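Note sheet for the following structure.
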Amino acid sequence: MSTTQFAMVEELAFLVKDNLPSKHLVLSMEEALVNFLQDDNSADGVLELEPMDSYNRLLLHRLADIFGFAHESVGEGVDRHLILERCSETSMYANTDESLN
């Protein structure tokens with residue numbers, strides 16, 4: 001893991017440190033991303049997430065950066081959600097479990 005990647009994991013760990021629901025979201029999403037990368041059969045490599053509040057989107061933007069996904073928020077209001085797309089930088093090297101505990 002590069003210094004930049006480590007810094008991103010540290011930042012995410014700091015953001016969820018004392019927030020159990022956010023920590024759970026990040027850890028469960030990390031597992032979902034690993035499964036997506038291992039099992040995805042779609043040709044486009046796109047994962048569209050459920051709508052969520054702005055703070056949770058921020059956390060998942062950070063997680064998408066760690067995994068190297070291209071990502072953007074789309075939609076308006078309560079329908080705003082993230083779309084993640086696999087790209088050449090996407091990998092499963094991320095292991096935030098150790099940092100978030």
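The values are calculated or read from the model by the stated rules, or taken from the named source; none is laboratory data. It should be emphasised that the depicted structure is a prediction, and the values quoted were computed from it without experimental measurement. Don't worry about glycine lacking a Cβ; one is built from the backbone with ideal geometry, like all the others, and counts go over all protein chains shown.
Here's the yes/no breakdown for (1) in contact (Cβ under 8 Å) with a residue 24 or more places away in the chain; (2) basic (Lys, Arg):
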| residue | (1), (2) |
| --- | --- |
| THR3 | no, no |
| ALA7 | no, no |
| LEU15 | yes, no |
| LYS23 | yes, yes |
| ASP39 | no, no |
| GLU50 | yes, no |
| SER54 | yes, no |
| ARG57 | yes, yes |
Counting only strands (runs of 3 or more DSSP E) entirely within the range 1-100, those with at least 1 residues that are touching a Leu at 6+ places or on another chain (Cβ under 8 Å), modelled with pLDDT under 95 and exposed (fewer than 15 other Cβ atoms within 10 Å of the Cβ) are 46-48
